[in-house]
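One structure is given here, and the rest of the page talks about it.
What follows is calculated from the coordinates using simple rules that are stated; it is not laboratory data. Since this is a predicted model, take the numbers as computed values, not measurements. Cβ atoms come from the backbone with ideal geometry, glycine included; neighbour counts cover every protein chain shown.
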């Protein structure tokens, strides 16, 4: 693992430049009347936004809409690159008013650099009704498990759903999956679809491991936030691995395949070996060229019988205001526009999952995409409840990448190690990497 590019090194860098992010007084401005505020918001202003979005992505998702709604504002967008990362902008004295990121980055990057700003008072001043959001969208940012304060409002989300190849189901006369299935029911379906036909080996089911581990349905922490040690040997983690990874791979044909070549997205969207595949809902659009060649549909992700209809944790994208911004009210007006039902409806039509509870916005999902006439079961995206947020720590990705996905999870799926031994070894590997970084 190259620690020079790791989150640990970044954290230390951000901490050393944190004073650069505090060039202005963060005390809230004096109370102003509604008329004074409206006049202030109508005046020309220049704002800068920092995000991972490409220039085209920024314009398509946010820029063009904001030009129409807030023509009095000149909004400059800075895309993160190798030479324009957060630490570079802070040390160079670049003024940033807004950022677009996730709760994990707020906690691990913006807060250590003193670049995040708690928007609680601004939300009240600008009369934004937080009850209109999905509750976990606010909780993931405010709770101690999340970032610990209202450092942003959610502008979008994505979840995980189960894709299935209708042609494979038809070929073997197996009924299609449906919303609300348990992992046990999915397992029974998968057995019927793990078939060798004419020399082609079909496999009933697989899942994208990394995406699932980060947002697991039981809201299990990857790292104990009190000790900063990997924490994946609990009975609950054993249940996850036994139910999803070990059981589905406990088949000679499956193990032959993964011992020869590990499964990836292409097994579903390319070679069409997989009958069912759990992956992010946003994959519908990022892989639409490949998926357009398939006769497929989606259903809600299977759930544990102990927690029916509970899906994965949310993956919200937030827009927040920086501590150094001198135009916090105008920045808040930008966020207000991007969390409005009007904007959320426009984005929902394009297949961007809303952060609002509005049924009307959800109903518009993907209605202006290539799938609009394919009658896909888009309700699957919203069928499950959002699982509570697990504690976010600096070392989560070490456990996912180094401890589990690269080695132990694969060895469990290949039948080379049992679940208990694999999870113990994963903890050891992750803790070694964490210890070396400190």
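Things worth noting here:
- Of interest is the spacing of the C-alpha centroids, which for region 135-171 and region 248-295 amounts to 21 Å.
- Relative contact order for region 189-335, counting Cα pairs under 8 Å that sit 6 or more residues apart, in percent: 28 percent
- Helical runs assigned H by DSSP (4 residues or longer) give the chain a calculated mean residue ellipticity at 222 nm of -9000 deg cm²/dmol, each run adding -39500 (n - 2.57) before division by the residue total.
- Per residue, the average separation of C-alpha pairs within less than 8 Å and at least 6 apart gives the chain a relative contact order of 24 percent.
- Where [x] 25; [y] 41; [z] 32 are the candidate values, the label of the one calculated here for percent of Cα pairs over 36 Å apart is [z].
- Going from the residue with the fewest nearby Cβ atoms within 10 Å to the one with the most, 348, 286 rank 286, 348.
- Rg over Rh, two decimals, region 160-312 (C-alpha only, Kirkwood Rh): 0.98
- Region 189-231 versus region 400-417: alpha-carbon centroid distance in Å: 11 Å
- By DSSP, the beta bridges lying fully in region 160-312 are antiparallel in about 75 percent of cases.
- Contact order, relative form, for region 306-438: 21 percent (alpha carbon pairs under 8 Å, 6 or more residues apart, mean separation divided by residue count).
- Across region 79-174, the convex hull enclosing all Cα atoms gives 178 Å³ per residue.
- By the count of neighbouring beta-carbon atoms within 10 Å, fewest first, 262, 58 end up ordered 262, 58.
- Here region 95-241 is treated as a sphere whose radius is the Kirkwood value from Cα pairs; by Stokes-Einstein at 10 °C and 1.306 mPa s it diffuses with a coefficient of 83 µm²/s.
- Each DSSP beta bridge with both residues in the chain is either parallel or antiparallel, and the antiparallel ones are about 60%.
- Sorted peptide list for 192-201, 396-405, criterion being average Cβ within 10 angstrom, highest first: 396-405, 192-201
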